[in-house]
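*Asks:* Dumping the structure here so I can ask a few things about it.
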Amino acid sequence: MLTKGDKILIVSIVIFSILSLIYIKNFAFTNEENYISIQVDGEEIKKVIFDKKLIGKTMPIETEFGYNLIEIGDQKVRVIDADCPDKLDVKQGYISKSGEVIVCLPNKLVIEIKGIGDDVDIDYMSR
Amino acid sequence: MNNVKKIIFLSLLVSIGLALSIIETMIPLPFVAPGAKLGLSNIVILITLVVFGFRESITIGILKSITFTLATGSVSSLFYSLTGAILSCIAMYIVYRNLSKVFSLIGVSIFGAVAHNFGQILVASLMMKNIRIFSYLPILLLTSLFTGYFVGLASIYISKNLKNYFDNIFLYKN
């Protein structure tokens, strides 16, 4: 009943599926569960998705309200310099869990870690 | 006369496909991922492709999707099943017409199932605006191998008998 073409087709689909499953599991979409949301004056101005390439990178945030320098670590983020008077945001250190925030009130800056898909309870409904 | 007969046969096939689809929703697939279906109505579409032709089978695919939406009342599934039906029809037609020496009906039906799943994932990624849903495709491809195999097997047995039967009817009356 099965021709030779059928068998080749079946085997190649199986191989393709398994290879792409392995690829998806190992290489794609890692470290993308959380991202850093940088908000100034209530508006999100920047989203940074955690990435191994970004570890140790610093990112200056200059707005009309002031200046902050943030440093991105391995799944964590902190403020290392700021021009606000009390420097509470610098003293707070790293945040790493989804939902944690660093707030710099004088500069109206909020740095929040968000999980992708935090905003909705249901991913999607197809009915 | 012949045309009326054809219309009646096609509408019968649509209703058979609809019935198969509805029965299929009552059969849970215990071992695989959500969204995977047996694709029993694909038997009807494949047989129509073999016995009648491409235009008739794509008509049946579209009509079956619309009537299935009317029967179940889930509108968003219309987009999924329509895209899947049209894509799988086109894929099966191309393979059946050009490569029927290489692939038996099982291979044709596997191509149809793969195209069906691809179309559904495409619609899902467009509707969710999220390309990462494609990571679900390999799992669906693996299940489509099984369902496509059995759909093709059933189609071989059915079309073997039906083709003679239909040919006889249409030739006799002509």
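The values are calculated or read from the model by the stated rules, or taken from the named source; none is laboratory data. What you see is a predicted model, and the numbers here were worked out from it, not measured in a lab. Here the Cβ is made from the backbone with ideal geometry for all residues, glycine too, and neighbour counts use every protein chain on show.
*Asks:* Of the numbered conditions (1) farther than 30 Å from B:LEU137 by Cα; (2) surrounded by 12 or more Cβ atoms within 10 Å (Cβ to Cβ); (3) in contact with a strand residue (DSSP E or B) (Cβ under 7 Å, 6 or more places away or on another chain); (4) without any contact (Cβ under 8 Å) to a residue 24 or more places away in the chain, A:LYS87 fails exactly one; give the number of that condition.
*Replies:* It is condition (3) that A:LYS87 fails.
*Asks:* A further question follows. Name the single residue that is farthest from the other protein chains (Cβ to nearest Cβ) among those in region B:79-107 being of a type in the set (Val, Ile, Thr) and surrounded by 21 or more Cβ atoms within 10 Å (Cβ to Cβ). Lay out the reasoning, then the answer.
*Replies:* Within region B:79-107, the first condition is being of a type in the set (Val, Ile, Thr), and the residues that meet it are B:83, B:86, B:90, B:94-95, B:102, B:106.
Those left that are additionally surrounded by 21 or more Cβ atoms within 10 Å (Cβ to Cβ): B:83, B:95, B:106.
Details: B:THR83: 13, B:VAL95: 10, B:ILE106: 5 Å.
Per the criteria, the residue is B:THR83.
*Asks:* To continue, here is another question. Taking the stated definitions as given, is B:ALA113 away from every other protein chain (no Cβ under 11 Å) and within 21 Å of B:ILE43 (Cβ to Cβ)? Reasoning before the result, please.
*Replies:* Numbers: away from every other protein chain (no Cβ under 11 Å): no; within 21 Å of B:ILE43 (Cβ to Cβ): yes.
Here the answer is no, as B:ALA113 does not meet what is asked.
*Asks:* Now, a different point. Is it the case that region B:74-82 has a residue that's modelled with pLDDT under 85 and not in a helix (DSSP H, G or I)?
*Replies:* Checked region B:74-82: at least one residue is modelled with pLDDT under 85 and not in a helix (DSSP H, G or I).
*Asks:* Let me ask another. Do the conditions hold for B:LEU78, that is, is it free of Cβ contacts under 8 Å to residues at least 12 places away in the same chain, out of contact with any Asp or Glu (no Cβ under 6 Å at 6 or more places or on another chain) and of a type outside the set (Phe, Trp, Tyr)? Don't jump to the end; show me each part of the working.
*Replies:* Details: free of Cβ contacts under 8 Å to residues at least 12 places away in the same chain: no; out of contact with any Asp or Glu (no Cβ under 6 Å at 6 or more places or on another chain): yes; of a type outside the set (Phe, Trp, Tyr): yes.
It is false that B:LEU78 is free of Cβ contacts under 8 Å to residues at least 12 places away in the same chain, out of contact with any Asp or Glu (no Cβ under 6 Å at 6 or more places or on another chain) and of a type outside the set (Phe, Trp, Tyr).
*Asks:* Select from region A:64-84 the residues that are in contact with a strand residue (DSSP E or B) (Cβ under 6 Å, 6 or more places away or on another chain) and either surrounded by 14 or more Cβ atoms within 10 Å (Cβ to Cβ) or outside any strand (DSSP E or B) (or both) and list them in ascending order. Give the derivation first.
*Replies:* Restricting attention to region A:64-84, the residues satisfying the condition of being in contact with a strand residue (DSSP E or B) (Cβ under 6 Å, 6 or more places away or on another chain) are A:68-71, A:77-84.
If the condition is that a residue be in contact with a strand residue (DSSP E or B) (Cβ under 6 Å, 6 or more places away or on another chain) and either surrounded by 14 or more Cβ atoms within 10 Å (Cβ to Cβ) or outside any strand (DSSP E or B) (or both), then A:ASN68, A:LEU69, A:ILE70, A:GLU71, A:VAL77, A:ARG78, A:VAL79, A:ASP81, A:ALA82, A:ASP83, A:CYS84 are the ones that fit.
*Asks:* Residues being in a helix (DSSP H, G or I) and touching a helix residue (DSSP H, G or I) at 6+ places or on another chain (Cβ under 8 Å): count how many of those fall in region B:98-131.
*Replies:* So in region B:98-131, the residues in a helix (DSSP H, G or I) come out as B:98, B:105-128, B:131.
Pick out the ones that are also touching a helix residue (DSSP H, G or I) at 6+ places or on another chain (Cβ under 8 Å) and you get B:105-125, B:127, B:131.
Summing the residues that are in a helix (DSSP H, G or I) and touching a helix residue (DSSP H, G or I) at 6+ places or on another chain (Cβ under 8 Å) in region B:98-131 gives 23.
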